Amino acid sequence: MIFNMTGGGGNPLNFQVKTYPSETELKADNPKENTIGVITTTTMTSWVFSATEPKEPEVGMVWFNTGNLSNVEFNALKKNTLQVYPIKAKQYVGDKFVDVTSMTSQGGEWHSWRVYLYKAGDQCNDITGGWTAIDGPGGTTNFNATYINCVTDGSNDRYATPYTKNKVNVTNYSKLIAEILERDAETNLFLASAVTGYNMYGSMVATIEASDKGSQTLELDIASITGEYHIGLTAYTPDFDVMNVWME
Amino acid sequence: MKTVYIDSVFKCHTSNDGTMIAVEEEFFNNKCDIFIEGFRLKPEGETLVREDGAVFSGGKMITPWKSISELEDAQREYERQKLADAENALAILLGGESE
């Protein structure tokens, strides 16, 4: 669905678009429900919702890329007849679209645009098909009520690899992010075409390793990756928890 | 382990122009040059700033900067050629033994 507006009032729309020069100013605002806030210092000349890149953009146009899943989905019309699933915002600056940060005000709070793959115990089955694990004899993955826990008993082949049952389409997303608690070895966040256990260098297409111990956020650049892949985490001598995993 | 060379923006190379850092990395074992040179390897503790301004720091990161579908196509062609070469060599060997 393509939506193209250049402003103007009067209105069957159930949302509005506002720009802010910084996240600080955005969060200081308390706008009405379904306000989409775009953080940019470039004048927004128009905006469009589209699943594909606009062919003849004007400088300053903000393109809200839409998909079929979003944590900030909304009904675009007051009669509740047009559900929209925004996943990413870009603005035409110079001669190309560049990423800009957008948030949506819903329920009195600003929400970042994310597609969750795991959220505090919720395995996000609609997109992931649920999570499963391949563990070595010395490793164990526990799917607890609010987090995934991976441990070892120290015996041989001590790896644990929780991952999404489905391959997830990562096209249009530029970061894969996991919030973890690392207690020992270097946990890896990865994308792979097949999950076989621990050493998956034949099928892995991207990975980032945890650094140090403690709570941390792993952020993996996936901007050049299109298509569908399993997403997971793995470690040899595992001792880590996974709280949240999402794409943005 | 495969030795690759990373430049100042962490792009991987299969030969060193004298300015790069050599890194041994199991991820690139059995990978063709085209595949390797489409990747970045950011060592632990370093910071990568992507062209759109996104910042990546923390632990070691290995991720493509070229289209992964093109890299995977190149890798598949490389593996097909290796298999064909091996089969040809085997045919020659067996043909030699039968004589």
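The values are calculated or read from the model by the stated rules, or taken from the named source; none is laboratory data. Values in this document were obtained by computation on a predicted structure and should not be read as measured data. With ideal geometry, Cβ positions are generated from the backbone for all residues, glycine too; neighbour counts draw on all protein chains shown.
Kindly indicate which of B:59, B:53, B:18 is of a type in the set (Gly, Ala, Ser) and within 18 Å of residue A:224 (Cβ to Cβ). The conditions single out B:53.
Looking across the stretch A:186-199, the residues that are aliphatic (A, V, I, L, M) and more than 14 Å from residue A:135 (Cβ to Cβ) come down to A:189, A:191, A:192, A:194. Taking the criterion of being out of contact with any strand residue (DSSP E or B) (no Cβ under 7 Å at 6 or more places or on another chain) and at pLDDT 95 or above, the only residue of the stretch A:42-81 that qualifies is A:43. With the structure loaded, tell me whether residue B:71 is among the aliphatic types (A, V, I, L, M), touching a Gly at 6+ places or on another chain (Cβ under 7 Å) and in contact (Cβ under 8 Å) with a residue 12 or more places away in the chain or whether it fails that test. So residue B:71 fits the description; yes. Restricting the first member to the stretch A:32-46 and to residues that are more than 17 Å from residue A:76 (Cα to Cα), and the second to residues that are of a type in the set (Phe, Trp, Tyr), the beta-carbon pairs closer than 6 Å and six or more apart or on different chains are A:39/A:20. Within the stretch A:218-248, being facing another protein chain (nearest Cβ under 8 Å) and outside any loop (DSSP other than H, G, I, E, B) holds for A:218, A:219, A:220, A:221. When B:56, B:27 are screened for being within 11 Å of chain A (Cβ to nearest Cβ) and closer than 20 Å to residue B:71 by Cα, only B:27 passes.
Against the list (1) surrounded by 12 or more Cβ atoms within 10 Å (Cβ to Cβ); (2) closer than 24 Å to residue B:51 by Cα, the condition residue A:106 fails is (2). For the stretch B:38-53, a tally of residues being more than 21 Å from residue A:189 (Cβ to Cβ) and either in contact with a strand residue (DSSP E or B) (Cβ under 6 Å, 6 or more places away or on another chain) or within 8 Å of chain A (Cβ to nearest Cβ) (or both) returns 1.
Please determine, by comparing only the residues of the stretch A:178-217 that are of a type in the set (D, E, K, R) and not in a loop (DSSP other than H, G, I, E, B), which one is farthest from the other protein chains (Cβ to nearest Cβ). Outline the logic, then answer.
If we filter the stretch A:178-217 for residues that are of a type in the set (D, E, K, R), which is where we start, we get A:179, A:182-184, A:186, A:209, A:212-213.
Imposing the further condition that a residue be not in a loop (DSSP other than H, G, I, E, B) reduces the set to A:179, A:182, A:209.
Numbers: A:179: 12, A:182: 9, A:209: 4 Å.
Among residues in the stretch A:178-217 that are of a type in the set (D, E, K, R) and not in a loop (DSSP other than H, G, I, E, B), the one farthest from the other protein chains (Cβ to nearest Cβ) is A:179.
For every residue, the table says whether it meets (1) under 19 Å from the mean Cα position of the chain (by Cα); (2) over 24 Å from residue A:87 (Cβ atoms).
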| site | (1), (2) |
| --- | --- |
| A:163 | yes, no |
| A:192 | yes, no |
| A:205 | yes, no |
| A:211 | no, yes |
| A:216 | yes, yes |
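Looking at A:159, A:198, just one residue is within 21 Å of residue A:239 (Cβ to Cβ), of a type in the set (Phe, Trp, Tyr) and touching a Pro at 6+ places or on another chain (Cβ under 7 Å), and that residue is A:159.
Among the residues that make up the stretch B:64-71, is at least one of them aliphatic (A, V, I, L, M) and more than 10 Å from chain A (Cβ to nearest Cβ)? No, the stretch B:64-71 contains no residue that is aliphatic (A, V, I, L, M) and more than 10 Å from chain A (Cβ to nearest Cβ). Here the stretch A:98-113 is the region considered, the condition is being of a type in the set (Gly, Ala, Ser) and assigned to a strand (DSSP E or B), and the residue that is modelled with the lowest pLDDT is A:112. Annotation: residue A:187 fulfils all but one of (1) crowded, with 18+ Cβ neighbours inside 10 Å; (2) β-branched (Val, Ile, Thr); (3) touching a residue at least 40 places away in the same chain (Cβ under 8 Å); (4) more than 19 Å from residue A:157 (Cβ to Cβ); the unmet one is (4).
Given the structure, is residue A:163 in a strand (DSSP E or B), crowded, with 20+ Cβ neighbours inside 10 Å and touching a His at 6+ places or on another chain (Cβ under 7 Å)? Yes: the conditions hold for residue A:163.
Checking the stated criteria, residue B:44 turns out to be out of contact with any Cys (no Cβ under 7 Å at 6 or more places or on another chain) and over 25 Å from residue B:82 (Cα atoms).
Assigned to a loop (DSSP other than H, G, I, E, B), surrounded by 22 or more Cβ atoms within 10 Å (Cβ to Cβ) and in contact with a Ser or Thr (Cβ under 6 Å, 6 or more places away or on another chain) - does that describe any residue in the stretch A:147-157? No; the residues of the stretch A:147-157 include none that is assigned to a loop (DSSP other than H, G, I, E, B), surrounded by 22 or more Cβ atoms within 10 Å (Cβ to Cβ) and in contact with a Ser or Thr (Cβ under 6 Å, 6 or more places away or on another chain).
The listed residues are A:117, A:69, and the only one of them that is out of contact with any Lys or Arg (no Cβ under 7 Å at 6 or more places or on another chain), in a strand (DSSP E or B) and surrounded by 13 or more Cβ atoms within 10 Å (Cβ to Cβ) turns out to be A:117.
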